[in-house]
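This report concerns only the one structure given below.
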Amino acid sequence: MADNFQQKGLAAGRLGLASSTVIGVASTAPMYSLAASLGFIVIAVGYQAPIALILGFVPMLLTALAYRELNEEVPDSGTVFTWGAKAFGPQTGWIAGWGVIVAGVFAMANQTQIAALYFWLFLGRDDLAHSKPVLILTGVAIIGLTTWISYRNIEAGSVTQWLLVGLQYLAMALLAAGIFAALSSGGAQGEAFDLSWFNPVEADFNSLIQAILIAIFIYWGWDTCLAMSEETKDPHKTPGRAALLSSSILVVTYVFVTVLALAYAGAGTEGIGLANPENSDDVFTPFKDALLGSWGWALLLAVSVSALATCQTTILPSSRGIFAMAVYRALPAKFGDVHPRFKTPRTATVYMGISSALFYGLMTLISENMLADTIEASSVAVALYYAISSFACIRYFRGRIFTSARNVFFRLVCPLAGGLLMTAILLVSLYNMLDPEYGATQILGTSGVFVTAVVSFALGFVLMLICMGQADLRPFFEGRSLNMQTRVKVPETHDLQEVPGLVSEQSAQDRP
């Protein structure tokens, strides 16, 4: 299919399928995600952790399929902002886009903290690893470095991700080799592998739901490759395929490592047991020396580079979301400029870096517990914009769903199931967050997590009203297919006949 749209000015045709997939994997930080989340999953369901990870993957897969359908039709760096606006109107799109920004800033701050902490642990400087001023300075330096890489060009970011993902999987290979050696020599304390680990009926229902909720959000990040769609060699096909590949690679990785870790350390609550609450936020470090000996440092390095990798990739979707919102006049035009040489969203990238550094430094100074709670609050933003995207798929294709069995399945059944599951996750999460004991802080008689989530979106609504009052976005989205690859210069009159690349919905449907 020949494209009839222009470009926004981003560096088109730079990323292939392999690089897009690597960016999707790196964005989830597999080594860091496992180290920080596996313990909580095992505390909830014990040896049923593998099935919890698989069940948590289901709504992500359904959402990824909806993303693929939308991207094939509307490849755009704005992703959920653009799709939500085209399907439901600019207000819905704006809030979805704000969700990406909120999740990005919250995640950047927490991932930076982990990257800084493990950097000093790797160097054997425990004293510096627990010094707040040192962590802040190191974290700001990390954000500055990752922002600079993203600012320079997309290929530099891609090469960096290949290296960092490679280091993570090398460390996981060493971990697996050590576990197999321990199993063969009888040095493991876990139970022998059993197929019952994949039987959800073996777990308490409420505990299983809790574990699934945790599992869902360690998959978050694969959608970064969709935000890079305009910079891929095939914008219509490559991002969707990369999303499915990266999420599939992640579920295999998570389940494989979890099974090995359970077989080696077990689900006990003492020692190196994965359900030991003292180790729940880092399950690998306690048994690294016994398992890997002189190679134990590799695990510390892997967790650090995993957090570093996801810091760099988190900037990408957030900055491109801001960029797209500015191009379509949902944010001030300054955020929509492109570097003339590097073809990257210049101001949006710098803005994300500065915002993340300021937020990280401020929250670390105020309370590291509050900083930790923000990552829980980001789950609300993620579930919200995933749900909007799934329902947007149905709404956008509503006139063409019943033209084939394939469309019914991929444009109705899958996104409907994904949207309903994400909505349920959102509501359950908010309900749980009302408990004052949820998370590490309490504010106004409820959890700091709940207050953080509510305040962040209240701020988003205020900003939306301010920005929406400056421009009428309806002509961009209602009943028309947006021109997705170049920056559209829109006349102040909003005369749709004069705007290049804006074509009617009917003509878009008739396009071969």
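Bear in mind these aren't lab numbers, they're just calculated from the coordinates by the rules spelled out. Note that the coordinates shown come from a computational prediction; the quantities given were computed from them, not determined experimentally. Glycine also receives a Cβ, built like all others from the backbone with ideal geometry; neighbour counts cover every protein chain displayed.
So what's the back-of-envelope 222 nm ellipticity for the chain, counting only DSSP H runs of four-plus at -39500 (n - 2.57) apiece and dividing by all residues, rounded to 500?
Values: 20 runs with 337 residues, N = 512.
After summing the helix terms and dividing by the residues of the chain, the value is -22000 deg cm²/dmol.
Given points 7 Å out from each Cα along the Cα-Cβ axis, report the residue 294 to residue 458 separation in nanometres with one decimal.
Between residue 294 and residue 458, the label points sit 5.8 nm apart.
At a Förster radius of 41 Å, what calculated FRET efficiency corresponds to the Cβ-Cβ distance of residue 199 and residue 145, to the nearest 0.05?
Details: r = 45 Å, r/R0 = 1.11.
So the FRET efficiency works out to roughly 0.35.
Given that just one value was derived from the coordinates, which of [x] 90, 52, 41; [y] 74, 52, 47; [z] 71, 53, 53 is Cα extents along the principal axes in Å?
[y]
Please report, in debye to the nearest 20, how large the charge dipole of the range 1-111 is about its Cα centre when each Lys and Arg carries +1 at its beta carbon and each Asp and Glu carries -1 there.
Numbers: 4 positive and 5 negative charges, 40 e Å.
Result for the range 1-111 is approximately 200 debye, rounded to the nearest 20.
Can you give me the long-range amide H partners of residue 442? Hydrogens built in the peptide plane at 1.01 Å from N, cutoff under 5 Å, separation of 5 or more residues or another chain.
Here 448 satisfy the definition.
Could you tell me the distance between the Cα centroids of the range 400-417 and the range 259-327, to the nearest Å?
The range 400-417 and the range 259-327 have Cα centres spaced 37 Å from each other.
Quick one: Karplus J couplings for the range 250-255, per residue in order, coefficients 6.51, -1.76, 1.60, θ = phi - 60°, nearest Hz, x for Gly and Pro?
5, 5, 5, 4, 4, 5
Working from Cα positions, state the angle (0 to 90°, nearest 10) between the long axis of helix 90-122 and the longest principal axis of the chain.
30
Any of 86/343; 237/334; 8/334; 8/233 with alpha carbons more than 22 Å apart? Name them for me. The partial results should precede the final answer.
Working: 86/343 26 Å; 237/334 30 Å; 8/334 14 Å; 8/233 15 Å.
With Cα atoms farther than 22 Å apart: 86/343; 237/334.
In sequence order, what are the phi-derived ³J(HN,Hα) couplings for the range 49-55 according to the Karplus relation 6.51 cos²θ - 1.76 cosθ + 1.60 with θ = phi - 60°, rounded to whole Hz, with x for glycine and proline?
Ordered by residue, 3J(HN,Hα) equals 4, x, 6, 5, 5, 5, 5 Hz.
Taking only C-alpha pairs under 8 Å that are 6+ residues apart, what is the relative contact order of the chain in percent?
Numbers: 926 pairs, mean separation 159.7, N = 512.
In percent, rounded to a whole number, it is 31.
What does the C-alpha gyration tensor say about the overall shape of the range 81-203? Classify as rounded when a/c is under 1.5, otherwise prolate if a/b is larger than b/c, or oblate.
Details: a/c = 2.15, a/b = 1.31, b/c = 1.64.
Oblate, since a/c reaches 1.5 and b/c is not below a/b.
Hey, with R₀ at 35 Å, roughly what FRET efficiency would residue 408 and residue 173 work out to, going by the Cβ-Cβ distance, to 0.05?
Values: r = 42 Å, r/R0 = 1.21.
Taking R0 as 35 Å, the efficiency between residue 408 and residue 173 is 0.25.
What are the equivalent ellipsoid semi-axes of the range 247-296, built from the alpha-carbon gyration tensor (square roots of five times its eigenvalues), in whole angstrom, biggest first?
Numbers: eigenvalues 77, 42, 18 Å².
The equivalent ellipsoid of the range 247-296 has semi-axes of 20, 15, 10 Å.
Under 5 Å between amide H atoms, partner at least 5 residues away or on a different chain: which partners does residue 15 have, H built in plane at 1.01 Å?
Answer set, sorted by chain and number: 232, 233.
How far is helix 346-366 tilted, in degrees, relative to the longest principal axis of the Cα atoms in the chain, given as a value from 0 to 90 rounded to the nearest 10?
40
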